[in-house]
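Nothing in this text is a laboratory measurement; each read-out follows from the coordinates by a stated rule. Since the model is a prediction, treat every value here as computed from it, not as a measurement. Because the Cβ atoms are built from the backbone with ideal geometry, glycine has one as well, and the counts that use them run over all protein chains shown.
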Amino acid sequence: MEFGVLHEFHWLPDATESEAFARSFEQVDAAERWGLDVIWLAELHFTLGYSVLSAPLVVGAAIAARTRRIKIGTAVQVLPLGHPLRLAEEAATLDHISNGRLIFGVGRSSFPHIYKAYGIPYAESQERFLETLEIMKRAWTGQGLAYEGKYYSFAHPPKLTLVPKPLQKPYPPLRVAITSIDSYAAMGRLGYPIFLALRYNTVAELASLIRSYREAYRSAGHPGQGEVYLRVPVYVADTCQQACDEAEESFMHLLRMVGERFGDSAKRSGAREIEQRADVGNRLQTITYEEALREKLVVGTPAMVIDRLRALADELTLDGVAAELNSGSLIPHERVMKALRLFCDEVMPRFK
């Protein structure tokens with residue numbers, strides 16, 4: 001099992017933006033010392049008072065310069081919002097700076113309001129995502145790029161050659177974030193490892209969707225069974241009561257916020273699976289903390305967290321976990337550091 005922490009560089013109410021960066025880097029440095037496998041960086045835009053992490057590749061380069069061991073992942077780079085050649089250059093550069101520690105997680109975001117701000121129709125997000133990813137792969141591996149697509153074209157002559165090429169060959173490991181039901185089989189056919197989140201589905205629903213992903217993966221003739229990684233809010237403390245009490249406000253804030261945005265996304269132009277989005281949004285806005293503890297969160301003592309993660313890993317046949325230790329961004333820095341220490345020292349070794 002691979003163990004990572006998904007970090008959003010949280011901006012707590014009592015902090016400045018500079019303090020948000022400083023505290024987050026302190027947590028990253030601790031994760032390096034305490035043996036965490038991967039630090040995952042989100043890409044969040046226009047999140048006043050919540051996060052300062054809008055440029056994950058830039059932040060990833062800073063992490064690469066201050067660490068030597070921990071892998072650096074994007075979870076995820078929102079491909080349709082950037083130019084494919086610029087993204088390919090920057091990701092390849094980070095791969096070199098980190099000495100081959102980059103894992104390039106990609107997605108297209110579930111929230112249309114971000115696309116509106118960037119002047120890109122959300123209805124184009126899936127096509128733009130696939131086209132951008134294809135261009136990046138060609139740019140990373142070819143000596144002369146010529147491409148004709150719906151959104152981008154690179155005519156020849158002259159053919160373009162990307163500099164630098166990634167250190168890892170043929171390119172950094174890719175992972176694709178999935179929320180839409182029809183994307184599971186689609187990504188299986190394409191042979192990509194996937195990220196999924198417990199917040200949008202029940203465990204039973206995810207198990208069924210993972211089976212459809214792996215069936216498509218095998219039918220397409222890809223080696224192995226297809227890798228699956230789960231992002232989930234996790235909080236560890238010395239006692240169960242302490243863990244539940246300290247995580248409640250922040251984790252419920254996250255679920256309410258995601259529920260509101262997901263529900264709103266169902267009303268916006270270009271959204272797919274509108275009924276599902278509306279149902280998920282309503283569910284997350286009305287779920288109780290007790291229900292969330294059973295269905296959406298992993299909270300408790302180290303022993304409790306170990307048991308819950310082991311059950312999830314068995315039922316979903318997981319290859320790794322990306323723990324969100326401060327989902328909702330309201331848990332104080334000192335408590336996040338304690339939870340991170342318990343996660344690395346007492347939970348993670350039980351799976352190695």
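Here are the numbers:
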| item | result |
| --- | --- |
| Counting all C-alpha pairs of the stretch 275-352, share separated by more than 22 Å (%) | 35 |
| Between helix 274-286 and the chain: long-axis angle, C-alpha atoms, 0 to 90°, nearest 10 | 30 |
| Relative compactness, the chain, computed as alpha-carbon Rg over 2.2 N^0.38 Å | 0.96 |
| The stretch 72-171 - percent relative contact order, Cα under 8 Å, separation 6 or more | 35 |
| Percent RCO, i.e. relative contact order, over the chain, from Cα pairs under 8 Å lying at least 6 residues apart | 19 |
| From the C-alpha gyration tensor of the stretch 124-277, square roots of 5λ in Å | 35, 20, 18 |
| Residue-count net charge about K137 - beta-carbon cut-off 13 Å; Lys, Arg +1, Asp, Glu -1 | +1 |
| Debye log10 I(q)/I(0) for the stretch 58-197, one point scatterer per Cα, at q = 0.14 Å⁻¹ | -0.68 |
| Cα centre as origin, Lys/Arg/Asp/Glu Cβ charges: the stretch 175-306 dipole, Debye | 720 |
| Helix 333-342 axis, angle to the chain major axis (alpha carbon atoms, nearest 10°) | 90 |
| Nearest-20 debye value, the chain charge dipole, Cβ charges on Lys, Arg, Asp, Glu | 1180 |
| Cα pair count fraction exceeding 13 Å, expressed as % - the stretch 158-222 | 67 |
| Most positive-pole-ward Cα, L312, F251, N282, against dipole of the stretch 232-340 from beta carbon charges | N282 |
| Ranked packing of 27-37, 246-256, most packed first, by mean Cβ within 10 Å | 246-256, 27-37 |
| The stretch 200-317: translational diffusion in µm²/s, Stokes-Einstein, Kirkwood Rh over Cα pairs, 37 °C, 0.692 mPa s | 205 |
